[in-house]
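Report on the structure given below.
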Amino acid sequence: MKHVKTIDTIFRSDLHESDTEYDETMDAVTAAHIATYKADGCVVLRGVLPTDLVHSIAQGVEKNLVAPSEWSNDYTPKDSGGRFFDDYVSWKRIPEYGDAALGGVLPAIAGALMGTRTPRFFHEHVLVKEPGTSTPTPWHHDDPYYGIEGLNNVSLWIPLDPIPSSIALRCIRGSHRLPRRFIPNRFIDDSPYVADAHGFELFPSEEELESLGDTIVCDVEPGDVVAFHFRTLHSAPGTTAHPLRRRIVSFRYVGNDVRWATRPWKTSPPFESLGLNDGDELDNDRFPLIAL
Ligand SMILES: O=C(O)CCC(=O)C(=O)O
């Protein structure tokens, strides 16, 4: 893990404000986890998922690979080994995703970390790197890709294979508190969606990124969960020298402060507004509200 100076970030009092009183902490999530999540924008929960849930999500991934959605991507460069596949928003047609997303331990973890008894499911996102995939997941934060505004949110990144530090998810500690938002880059070639946009800046250079905070490297096993904020800067290496598959699914949840927003680019996932206007709650069966 590299160590670089921690930036003196601006504390935003509205960041992670609890939606409601949530005084009981479920077993998997301790007060220390919640404090780490708020401070770092990233926390690893070890051994919190039952084996049958991990197996079921993995079965869902196999179904997803056989029958990708129209929104799936393949980022594998021509003439290179491995394969980098992603897809999202398949939870209605793949019951293993829907069951995991809407009941049991995942929404409970999301609710505990966000401090709400009514987490709203946003979508799932599967990213599979087969052995020998050269393409990294480039540095980015997720929030600008989405057509929503709001600071109470969490992605639960679920590994389905052992993920050693050499290929593990990297998160920049505390980057969710930076008062900066970056124009999304395309995963295929790391090029920006647009050249400029009000309220957003082009993605920083590697050198500048290193000055933004420590890099947390999340080596994990199946059963673990990495929880990170939509504004946390993160990346993951390719798997060129890794002999195994690297399958993960991120289940994304939002709190009650989140509202629909239009972006100056096609969002990812490319949800249509379907009657939602800027400032509206995501009150729509595409984004189910869960009662814990
Ligand atoms: O696992 C990866 O390669 C990246 C995951 C990611 O970017 C996400 O879940 O938002």
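Data table
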{"read-out": "Identity of the residue in segment 111-138, farther than 25 Å from Lys63 by Cβ and of a type in the set (Val, Ile, Thr), that ends up nearest to the ligand (Cβ to nearest atom)", "value": "Thr116"}
{"read-out": "Test result for Asp190, charged (D, E, K, R) and at positive phi", "value": "yes"}
{"read-out": "Residue list for segment 219-247, filter: in contact with a Phe, Trp or Tyr (Cβ under 8 Å, 6 or more places away or on another chain) and either modelled with pLDDT under 95 or surrounded by fewer than 23 Cβ atoms within 10 Å (Cβ to Cβ) (or both)", "value": "Ser235, Gly238"}
{"read-out": "Tally, over segment 115-124, of residues that are of a type in the set (D, E, K, R) and assigned to a strand (DSSP E or B)", "value": "2"}
{"read-out": "Top-ranked residue of segment 125-160 - restricted to ones that are outside any strand (DSSP E or B) and of a type in the set (Gly, Ala, Ser), ranked as nearest to Cys42 (Cα to Cα)", "value": "Gly150"}
{"read-out": "Matching residues, segment 29-61, being out of contact with any His (no Cβ under 7 Å at 6 or more places or on another chain), among the β-branched types (Val, Ile, Thr) and under 16 Å from Arg170 (Cα atoms)", "value": "Thr36, Val44"}
{"read-out": "Matching option when the condition is over 19 Å from Asp142 (Cβ atoms), part of a helix (DSSP H, G or I) and not hydroxyl-bearing (Ser, Thr, Tyr), among Val29, Val48, Val54", "value": "Val54"}
{"read-out": "Qualifying residue in segment 201-215 (condition: touching a Phe, Trp or Tyr at 6+ places or on another chain (Cβ under 9 Å), surrounded by 15 or more Cβ atoms within 10 Å (Cβ to Cβ) and of a type in the set (Val, Ile, Thr))", "value": "no"}
{"read-out": "Neighbours by Cβ (under 9 Å, 6+ apart or cross-chain): first from segment 45-67, of a type in the set (Val, Ile, Thr); second modelled with pLDDT of 95 or more and assigned to a helix (DSSP H, G or I)", "value": "Val48/Val105; Val48/Ile109; Ile57/Glu96; Ile57/Tyr97; Ile57/Ala100; Val61/Glu96; Val61/Tyr97"}
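For (1) in a loop (DSSP other than H, G, I, E, B); (2) modelled with pLDDT under 95; (3) within 16 Å of the ligand (Cβ to nearest atom); (4) out of contact with any Cys (no Cβ under 6 Å at 6 or more places or on another chain), each residue gets a yes or a no:
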site	(1), (2), (3), (4)
Ala58	no, no, yes, yes
Lys63	no, no, no, yes
Pro68	yes, no, no, yes
Lys78	yes, yes, no, yes
Gly81	yes, yes, no, yes
Asp86	no, no, yes, yes
Trp91	yes, no, yes, yes
Ala101	no, no, yes, yes
Ala108	no, no, no, yes
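The values are calculated or read from the model by the stated rules, or taken from the named source; none is laboratory data. For clarity, every value in this text was computed on a predicted model and none was experimentally measured. Every residue, glycine as well, gets a Cβ built from its backbone with ideal geometry; the counts of neighbours run over all protein chains shown.
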